[in-house]
Amino acid sequence: MKQYDAIVIGFGKGGKTLAGKLGASGKTVAMIEKSDRMYGGTCINVGCIPSKSLVRSSGISHGHRNADFEKKQAFYAAAIEEKRRLTAMLRKKNFDKLDGNPNVTVFNGMGSFLSPTQVQVVSDRGETLVLEGKQIFINTGSTPVVPPIEGLRENPFVYLSEGLMDLEKLPRRLAIIGGGYIGLEFASIYAGFGSQVTVFEGAPVFLPREDADIAAEIKKALEAKGVAFQIGAAVKKVADAGDHAEVTFARESAEETLAADAVLVATGRRPNTDGLNAAEAGVELTPRGAVKVDEKLRTTAPNIWAMGDVVGGLQFTYVSLDDFRIVWSQLSGGDYDAARRKNVPYSVFIDPSFSRVGLNEREAREAGRNVKVLTLPAAAIPKAQVLKHPVGLLKAVVDADTNKILGAMLFCEESYEMINIVKLAMDLDADYTVLGRQVFTHPTMSEALNDLFA
Ligand SMILES: Cc1cc2nc3c(=O)[nH]c(=O)nc-3n(C[C@H](O)[C@H](O)[C@H](O)COP(=O)(O)OP(=O)(O)OC[C@H]3O[C@@H](n4cnc5c(N)ncnc54)[C@H](O)[C@@H]3O)c2cc1C
Ligand SMILES: NC(=O)c1ccc[n+]([C@@H]2O[C@H](COP(=O)([O-])OP(=O)(O)OC[C@H]3O[C@@H](n4cnc5c(N)ncnc54)[C@H](O)[C@@H]3O)[C@@H](O)[C@H]2O)c1
């Protein structure tokens, strides 16, 4: 049996970063990845990077909105090709980086626990080997949730995000089930390419997590791009009608049917512990199937940690990376843990992008804070005019008693860069006036923070 200082199960963001760091510090490391199409994990291969490549291509394509559908189709096919080139290049880079580390061995196969120190690896060809590790790190990510809707499974017109990004033919009509991150990003991408997009959101309110004024602006902008919404719609059935799908849905009591050439299921992702045999190692799962961890990401078994989506928290690549920091901190004598993680921002890459950090107005008021609300229409930002997209709304929530920033919601061009500045100001506990008088370069979207926080 091969012995290692550390075994990492899953080539995700936290796991690969840890494997590289441990290897560089002289530890022997086994990295186990079940698919040779997934070196580098979800983000590189089927998540953030390919979807953002399509966001970019679709933004260019949207400029050709009056072109005929065949031209749009050709542009889309080229965008899928570019996405494949990019992911293949990054997959290889990710593999080579670990493989080139003399202390790290990459195993291609499904990892599952045999005991608290032993992991079995089963390759696609059914070859089995057993590895033993002094420390084991679980980084197996998450997997899409497919709701129990009649006709969804084994329907040739139904896709998950991964499959849709490999579809070479642009669907004329795209139905999306789920109006969350993936649903909205894909709605924006495919509307930009020229598909007729309808989003079915089961919840009675659009973007219930966000303030109503921000949600309304986002909906208005997506509708202006051609996206139709069915909010509070229960999808009952997705039928295979031979050359297209028929989506049957109910709103209030009436049932309707919509034809679609492709149907995307984007109804959330759950921690992936399938086939891991966690119980064999004494690793407990939560009732929702996540690996149970404490603030130091220790599982219920000694010397076994878990990082990333599999622990059931926020599902972002940068959270998985921060999980690595927590684990590395313990291994190297530090004291960083999840309780010290501050102000995690997020961005939804729609058009324009929406980014948020901290509390929104509703949450701040519910928390009993004395709130001062600052707003700025994106149309007031010179750079938004230069970019010919003066669409959106910026909003900040400040504690009127202390002048501290409680949160910011930026719905405008390049908000995914600007939000990191606000996060830093919040982390440093700066008064909001610091951003109001910060010297920013011009013309940039960031300088709008001067006006927002004036
Ligand atoms: C379409 C889409 C777009 C996204 N866009 C963004 C974005 O813009 N920004 C952002 O921050 N996040 C985004 N996310 C979320 C982000 O991709 C995930 O949060 C992140 O990749 C999770 O990383 P991880 O480290 O938990 O594991 P993952 O990267 O998911 O890696 C887990 C790996 O483990 C492997 N594995 C699983 N089980 C086993 C096993 N038993 N044995 C061996 N290997 C196994 C899997 O094959 C996989 O490669 C997006 C996700 C999707 C699906
Ligand atoms: N930009 C980013 O950072 C980014 C981009 C894409 C994905 N992600 C990550 O991936 C995760 C998964 O994304 P997601 O969009 O699948 O999940 P999500 O949780 O963001 O959204 C799922 C949506 O589907 C709806 N829904 C659930 N069941 C339904 C049904 N039967 N019919 C209609 N609607 C239904 C929910 O109400 C919810 O609005 C996210 O939590 C996010 O962390 C991040």
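Placing pseudo-labels 7 Å out from each Cα toward the beta carbon at TYR346 and ALA74 gives an inter-label distance of 4.0 nm. Listed values for segment 124-134 are Karplus-derived 3J(HN,Hα) couplings in whole Hz (6.51 cos²θ - 1.76 cosθ + 1.60, θ = phi - 60°), namely 4, 7, x, 6, 10, 9, 10, 10, 10, x, 6, and x replaces Gly and Pro.
Starting from a Cα-only point model with no solvent, please compute log10 I(q)/I(0) by Debye for the chain at q = 0.07, 0.08, 0.13, 0.14 1/Å. Results for the chain at q = 0.07, 0.08, 0.13, 0.14 Å⁻¹ read -0.40, -0.53, -1.29, -1.38. Each DSSP beta bridge with both residues in the chain is either parallel or antiparallel, and the antiparallel ones are about 60%. For segment 147-266, averaging the sequence separation of C-alpha pairs within contact (under 8 Å, six or more residues apart) and dividing by the residue count gives a relative contact order of 36 percent. A quarter of the convex hull surface defined by the alpha-carbon atoms of segment 345-453 gives 6.0 nm² as the mean projection. Full extension of the chain segment joining GLU417 with SER25 gains 137.8 nm, where the gain is 0.36 nm per residue of separation less the Cα-Cα distance. Each Lys or Arg adds one and each Asp or Glu subtracts one; over the other residues with Cβ under 12 Å from the Cβ of ALA266, this totals -2. Each Cα pair under 8 Å and six or more residues apart adds its sequence gap; the mean of these over the residue count of segment 248-302 is a relative contact order of 22 percent. One compactness figure for segment 43-111 is 1.53, namely its Cα radius of gyration divided by 2.2 N^0.38 Å.
Of the trypsin sites (Lys or Arg not before Pro) found in segment 18-103, those in coil by DSSP whose Cβ has at most 16 other Cβ atoms within 10 Å are ARG37, ARG65.
The residues neighbouring ASP166, those whose beta-carbon lies less than 9 Å from its own, together hold a net charge of 0 under the Lys/Arg +1, Asp/Glu -1 convention.
Find how much the distance from LYS93 to ALA380 grows on full extension, using 0.36 nm per residue of separation minus their present alpha carbon separation; answer in nm with one decimal. Walk me through the intermediate numbers first.
Details: separation 287, 0.36 × 287 = 103.32 nm, distance 4.23 nm.
Working it through step by step, the gained length comes to 99.1 nm.
Counting Lys and Arg as +1 and Asp and Glu as -1 over every other residue whose Cβ lies under 9 Å from the Cβ of ALA233, the net charge comes to -1.
With Cα atoms defining each centre, segment 271-332 and segment 407-454 are spaced 34 Å apart in the structure. Were the residues from ALA216 through GLU132 laid out at 0.36 nm apart, the gain over their Cα-Cα distance would be 24.8 nm.
Of the chymotrypsin sites (Phe, Trp or Tyr not before Pro) found in segment 176-238, no site is in coil according to DSSP while having at most 10 other Cβ atoms within 10 Å of its Cβ. Entry note, the chain: relative contact order of 14 percent, from Cα contacts under 8 Å with a spacing of 6+ residues.
The calculated 222 nm mean residue ellipticity attributable to helices in the chain amounts to -9500 deg cm²/dmol, summing -39500 (n - 2.57) over DSSP H runs of n ≥ 4 and dividing by all residues.
For the chain, what are the DSSP H helices with axial Cα length of 27 Å or more and mean Kyte-Doolittle hydropathy of at least -1.0? The qualifying helices are 69-99. Between THR433 and MET1, the simple label model (points 7 Å from Cα in the Cβ direction) yields a spacing of 6.5 nm. Note on segment 90-121 and segment 47-85: Cα centroid distance 34 Å, given to the nearest whole angstrom. For GLU284, the residues 5 or more places off, or on other chains, whose built amide H falls under 5 Å of its own are LYS292, THR300, ALA301. Here is the list for segment 41-144: GluC sites (Glu not before Pro) lying in DSSP coil, each with at most 15 other C-beta atoms within 10 angstrom of its C-beta, are GLU127.
Where a number appears in this text, it was derived from the coordinates with a stated rule and is not lab data. Not measured: the values here are computed from a predicted model. Reconstructed Cβ throughout: ideal geometry from the backbone, glycine too, with neighbour counts over all protein chains shown.
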